[in-house]
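Comments concern the structure below.
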């Protein structure tokens with residue numbers, strides 16, 4: 001690894017930036033590949049049992065999370081695509097500005113970025129997002145999702161954990177009671 005004094009590496013530049021962007025790309029490719037497999041091998045809305053609580057079930061989601069706005073008349077495709085592209089640009093810029101010690105945050109942002117781009121590509125290509133993972137218990141089904149959705153969800157959880165960790169560290173630094 002180059003040190004900040006070597007040519008081509010600005011002082012303070014995070015050498016993990018490319019790793020975070022590479023992880024986002026790898027997860028994006030995994031998402032697109034699994035969606036291709038699902039679209040090629042599954043029939044729309046026909047479950048393929050995997051485990052007692054898990055089916056592969058191809059679904060096309062024209063809305064956002066939990067099919068929110070799915071029946072909005074078509075404008076949501078472009079709104080959600082534009083919003084996700086804007087968020088993706090912001091995430092890339094955020095990743096490029098991370099400090100070396102912000103590893104949890106880098107991982108979280110890479111996960112959210114990969115998921116946002118995976119679903120944007122679907123919206124641009126098909127006008128809907130390909131979902132195929134169907135989790136269910138006792139007749140109750142979680143809304144179908146995909147690798148991109150799982151990455152976004154995990155990334156958001158990590159963002160919240162990172163924020164909580166930072167908040168607790170700040171409280172401890174300020175000597176607030178109950179921070180041990």
query: Name the pairs: first residue in the stretch 111-125 and farther than 17 Å from residue 90 by Cα, second residue buried (at least 24 other Cβ atoms within 10 Å of the Cβ) and at pLDDT 95 or above, Cβ to Cβ under 7 Å, at least 6 apart or on different chains?
result: 122/35; 122/130
message: Going residue by residue through the stretch 130-143, is there one that turns out to be assigned to a helix (DSSP H, G or I) and either under 16 Å from the mean Cα position of the chain (by Cα) or at negative phi (or both)?
response: no
Of all residues in the stretch 141-157 being modelled with pLDDT of 95 or more and surrounded by fewer than 19 Cβ atoms within 10 Å (Cβ to Cβ), the one that is farthest from residue 95 (Cα to Cα): 150
- prompt: Of all residues in the stretch 94-104 being in contact (Cβ under 8 Å) with a residue 60 or more places away in the chain, in a helix (DSSP H, G or I) and under 15 Å from residue 159 (Cα atoms), which is farthest from the chain's Cα centre (by Cα)?
  reply: 103
query: Of these, 107, 80, 91, which one is part of a helix (DSSP H, G or I), surrounded by 17 or more Cβ atoms within 10 Å (Cβ to Cβ) and at pLDDT below 95?
result: 80
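The values are calculated or read from the model by the stated rules, or taken from the named source; none is laboratory data. Because the structure is predicted, anything quoted here is derived from the model rather than measured. Please note: Cβ atoms are built from the backbone with ideal geometry, for glycine as well, and neighbour counts cover all protein chains shown.
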